[in-house]
Amino acid sequence: DIEKDPFGVGAERLAYMFHEVDQRGRRVGKSMVAKESKYLDGEERKIRFHEAFCRTQKRASEFADQFNHVVLKTPGLWPSDRDMKTPAVYFLECSVYEYWATNGQRCGLLVEDLLQGKFTKFNSNNGFYHNAEGGRKICLQVGEVYPTDFVQAFSHWVYYSTDQRLLLCDLQGVLNEEGRYLKFELTDPCICSKPEHGSERYGRSDMRMVGFRTFRKSHKCNRVCVGLGLPSFGSRTTGP
């Protein structure tokens, strides 16, 4: 069951409130989000579009798991307060829900959980960079940082951990502060990739080297970047 009007509009997609229904058409379970392409025509093309987004988000989730592990193993990023933990980074799981229209056409929508809280874009593939000044801070062994410094450092870390072949950006979502520990719940990431022979392109938002250049210009290294030992952008390395 999908609402008629979208509640959110992105660069490529429209977001609608969505609920699963039982055999009698009654809503069941929690509120979710269904996303549809703004531009593509043809249901088969739309399904492939959604599947590509899901693959990108799954790859981003794999990077986030690796990043969280590295952060936990880095003494300089341990909180001064032993009862605290550094913020973790997570991506929503998404799926393509297929259904049959009244005309017999196979259709699909990308569906994921509804994020609760203030939605924020932290960085992008066009040079946008979220300014966290004035917000709360966390005291680590390397000094005070903003929670969002971890998200910015995450993009930086992916760039060097892939030997400068991939850049994970367009990070957006909510900072969940309801539990005992802070965590970022993110969605709709973009992966920019270095053009190489046989390399995969990560959908329409993969701006390749243009995305690399604009991100390098806007990124501001913070104490999380320093704690991870990340070199400044432009330095050649084999990655941490």
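Taking just the C-alpha trace of the stretch 119-240, give me its Rg and Dmax in Å.
14.6, 46
Of the listed values (i) 1.09; (ii) 1.93; (iii) 1.14, grab the one calculated as Cα Rg over 2.2 N^0.38 Å from the structure here.
Structure-derived value, by its label: (i).
Ordering L175, L186 from largest to smallest accessible area (1.4 angstrom probe), what's the sequence? Before the final figure, lay out each step's value.
On the way: L175 45, L186 0 Å².
Descending accessible area places them as L175, L186.
Cysteines of the chain lacking any other cysteine beta carbon under 4.7 Å?
So far as the 4.7 Å Cβ criterion goes, C54, C94, C107, C139, C169, C190, C192 stand without a partner in the chain.
Semi-axes, largest first, in whole Å: what does sqrt of 5 times each Cα gyration tensor eigenvalue give for the stretch 137-190? Let's see the in-between values first.
Details: eigenvalues 98, 53, 11 Å².
Each semi-axis is the square root of five times an eigenvalue, giving 22, 16, 7 Å.
Would you mind getting the Kirkwood hydrodynamic radius of the stretch 2-45 from its Cα pairs, rounded to one decimal in Å? Before the final figure, lay out each step's value.
Details: mean 1/r = 0.0854 Å⁻¹.
Result for the stretch 2-45 stands at 11.7 Å.
Sort D5, D81 by accessible area with a 1.4 Å probe, largest first. The partial results should precede the final answer.
Numbers: D5 105, D81 75 Å².
Listed by decreasing accessible area, they come as D5, D81.
State the extension gain, in nm to one decimal, for the chain segment bounded by V174 and E196, taking 0.36 nm per residue of separation less the distance between their alpha-carbons. Please report the intermediate quantities before stating the final value.
Values: separation 22, 0.36 × 22 = 7.92 nm, distance 3.39 nm.
Length gained between V174 and E196: 4.5 nm.
Taking amide H atoms as placed 1.01 Å from N in the peptide plane, list the residues 5 or more away in sequence, or in a different chain, whose amide H sits under 5 Å from that of L140.
S80, V145
Average projected area of the Cα convex hull of the stretch 67-133, in nm²?
Details: hull surface 34.4 nm².
Mean projected area of the Cα convex hull: 8.6 nm².
How large is the accessible surface of V28 in square angstrom, using a 1.4 angstrom probe and rounding to the nearest 10?
For V28, the solvent-accessible surface is approximately 60 Å².
For the stretch 12-82, report the translational diffusion coefficient in µm²/s to the nearest whole number, using Stokes-Einstein at 10 °C, 1.306 mPa s, and a Kirkwood Rh over Cα pairs.
Roughly 100 µm²/s, to the nearest whole number.
Please arrange Y90, Y97, Y159 by accessible surface area, largest first, computed with a 1.4 Å probe and ligands excluded. All intermediate terms of the calculation are to be shown ahead of the outcome.
On the way: Y90 105, Y97 70, Y159 5 Å².
From most accessible down to least: Y90, Y97, Y159.
Please give the length that would be gained between R204 and T162 if that part of the chain were fully extended, namely 0.36 nm times their separation in residues minus their C-alpha to C-alpha distance (nm, one decimal). Show your work: numbers first, answer last.
Working: separation 42, 0.36 × 42 = 15.12 nm, distance 2.07 nm.
Once the chain is fully extended between R204 and T162, it gains 13.0 nm.
Taking only Cα atoms and a 10 Å spring cutoff, compute GNM fluctuations for the chain and point out the largest among K30, K183, K46.
Taking springs between Cα atoms under 10 Å, the residue moving most is K30.
How much accessible surface does V21 have with a 1.4 Å probe, in Å² rounded to 10?
The value for V21 is about 70 Å².
Expressed in nm to one decimal, what extension gain is obtained for the pair R82 and H19 from 0.36 nm per residue of sequence separation less their Cα-Cα distance? The partial results should precede the final answer.
Values: separation 63, 0.36 × 63 = 22.68 nm, distance 4.11 nm.
Value of the extension gain: 18.6 nm.
The values are calculated or read from the model by the stated rules, or taken from the named source; none is laboratory data. Everything numeric in this text was worked out from a predicted model, so none of it was measured. Positions of Cβ are generated from backbone atoms using ideal geometry, with glycine treated the same way; all protein chains shown enter the neighbour counts. Ligands, DNA and RNA are stripped out before the accessible areas are found, and what is left, the full protein with its side chains, is counted by its heavy atoms. Shrake-Rupley method; radii C 1.70, N 1.55, O 1.52, S 1.80 Å.
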